[in-house]
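S.K.: One structure is given below, represented as structure tokens, and several questions about it will come after.
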Ligand code: XMP
């Protein structure tokens, strides 16, 4: 079956990848390409429709990005969003001028024609705006189909040519009926059927990997046991089988059962060439006496790279290096430069360069986390692996306040396993976004049997969050907290007190270190 494709031309807008994601949510495959793509390359992809993204430019600027106007003659349905619409107006004979009042945020838009693009939508709808320039007059052949108090052309359309534009951003969730607008464009204008699934994505990705790697090429992957690298491993396994070598550096600071599960999945379910480097001794030795969180992170990051390099050297030459980079990683690495370093996230992004690889395979680069999970499920990875909550690279080391020792790792690991079990048993594992225990390093007096004890305090941390940038503490049921607390003090040696962390982020961070 021919795959329907919507191409999104990126003009540097903040939300461009979100547009692609919204289209994929409608079961239509979508990719973002730079606006500089040549017309012939674009046509060769045979898109069912094209979306022109927003961007920071203004059409009056002589150096503003502009597409080849011949695209408008190609008979492909086009939707311009914000700058994409202004550029369309400009290139087709309309006018763009500075708005008297800049519109930013939620604005009520009145849909003056609700037949095509706005079919099924309300007469007035709350939409997200962010613009200084706007269209003063439509190009010939276009008519206005929406307005606001300040913006006379909030949307325009040429039904015959199936070219339309909106000044607001249908892709952000603040635009209440944005999903409907995108569906209308896809199904009414582009004639899409909405039959794309993650299985189709997997098929395409597998084909591309085979084309890149060829008949005999080999691929190396650093497997962490997390969702992203596991999904990449499963995908590449499907493409090239045992020509994929996965190196799993076990630093001894993973959660209970995790190391065994990674070994099982990639030895039996997806049998790749699997190498587990048990380096826990080395990590614990190097962490001896270290209490400062940033120092822990640096030591773990450094050791990880060194162990990985040793293992890779023993394997001989590999042709490609694969990584589970996902779209939010791409964004974060771009923006990180201006942000203050609160925590230097354990980051092995430099690994391929250190190993001398120039060729990278990053099949998840344009997917969001929930799409990666859906892909993992489509590939048949176990559900508990696919739905794993985020886990920091330095692992339990940053959940042990003070010096890290194997004994302390055991206490935090066992208490964490109890917390996870009880949250799952209560059916809350999909509702609480991250939850774990922390070995606070505080010892306190207790009484067990008739004996005085002086043992550790365990903190429970559970948060709800959309983006992990801000978070609220999860309001767990008291009965659940009571069960977890009783089990931890009864079942985990040297844990004698349990406390609950009731702090939001900010000001606290999610992890304690
Ligand atoms: P914080 O503690 O900064 O955590 O509020 C936000 C999210 O990032 C995770 N986290 C890390 N992930 N390496 C990682 O790979 C790290 O060093 C690290 N520190 C925090 C944390 O688990 C949460 O999901």
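Read the figures in this text as sums done on the coordinates, not as results from a lab. Please read all numbers here as calculations on a predicted model, not as lab measurements. Glycine gets a Cβ as well: all are built from the backbone with ideal geometry, and neighbour counts include every protein chain shown.
S.K.: Indicate the gyration tensor shape class of segment 282-324 (rounded, prolate or oblate), computed on the Cα atoms with a ≥ b ≥ c the square roots of the eigenvalues: a/c under 1.5 is rounded; otherwise a/b larger than b/c is prolate and the rest oblate.
M.R.: Since a/c reaches 1.5 but b/c is at least a/b, the shape of segment 282-324 is classed as oblate.
S.K.: Also, quick follow-up: Can you order the peptides 210-217, 138-145 by their average number of other Cβ atoms within 10 Å per residue, highest first?
M.R.: Ranked by mean Cβ neighbours within 10 Å, highest first: 138-145, 210-217.
S.K.: Two decimals is fine: what is log10 I(q)/I(0) at q = 0.10 Å⁻¹ for segment 198-386, from a Debye sum with one equal scatterer on every Cα and no solvent?
M.R.: -0.41
S.K.: Moving to a separate point now. Only bridges whose two residues both fall in segment 405-500 count here: according to DSSP, what percent of them are antiparallel, nearest 5?
M.R.: 75 percent
S.K.: Another question, then. Taking the beta-carbon count within 10 Å as an exposure proxy, list 151, 246, 127 from fewest neighbours to most.
M.R.: In order of increasing Cβ crowding within 10 Å: 151, 246, 127.
S.K.: Calculate for the chain the 222 nm mean residue ellipticity that helices alone would give, adding -39,500 (n - 2.57) per DSSP H run of length 4 or more and normalising by residue count, nearest 500 deg cm²/dmol.
M.R.: Helices in the chain give a 222 nm mean residue ellipticity of -9500 deg cm²/dmol.
S.K.: Further question on the same structure: Points 7 angstrom from Cα along the Cβ direction at residue 144 and residue 70: gap in nanometres?
M.R.: For residue 144 paired with residue 70, the spin-label model returns 3.5 nm.
S.K.: Any idea how far apart residue 424 and residue 211 come out in nm if each label point goes 7 Å out from Cα toward Cβ?
M.R.: In this crude spin-label approximation the distance works out to 4.0 nm.
S.K.: Let me ask another. Can you tell me the orientation of helix 406-425 relative to the chain, as the angle in degrees between its alpha-carbon axis and the longest Cα principal axis, to the nearest 10?
M.R.: Relative to the chain, helix 406-425 is tipped by roughly 50 degrees.
S.K.: Please give the peptides 299-305, 428-434 ranked by average Cβ packing (other Cβ atoms within 10 Å per residue), highest first, as a rough proxy for protection.
M.R.: Packing order, densest peptide first, comes out as 299-305, 428-434.
S.K.: Please report 499, 438 as a ranked list, fewest other C-beta atoms within 10 angstrom at the top and most at the bottom.
M.R.: Arranged by neighbour count, lowest to highest, 499, 438 become 499, 438.
S.K.: Listing 472, 286, 61 from the residue with the fewest other Cβ atoms within 10 Å to the one with the most, what is the order?
M.R.: Taking fewest neighbouring Cβ atoms as first place, the list is 61, 472, 286.
S.K.: With both bridge residues required to lie in the chain, what share of the DSSP beta bridges run antiparallel, to the nearest 5%?
M.R.: 50 percent
S.K.: Using Cα atoms only, what is the angle between the long axis of helix 293-315 and the major principal axis of the chain, expressed in degrees (0 to 90) to the nearest 10?
M.R.: Long axis of 293-315 versus the principal axis of the chain: about 90 degrees.
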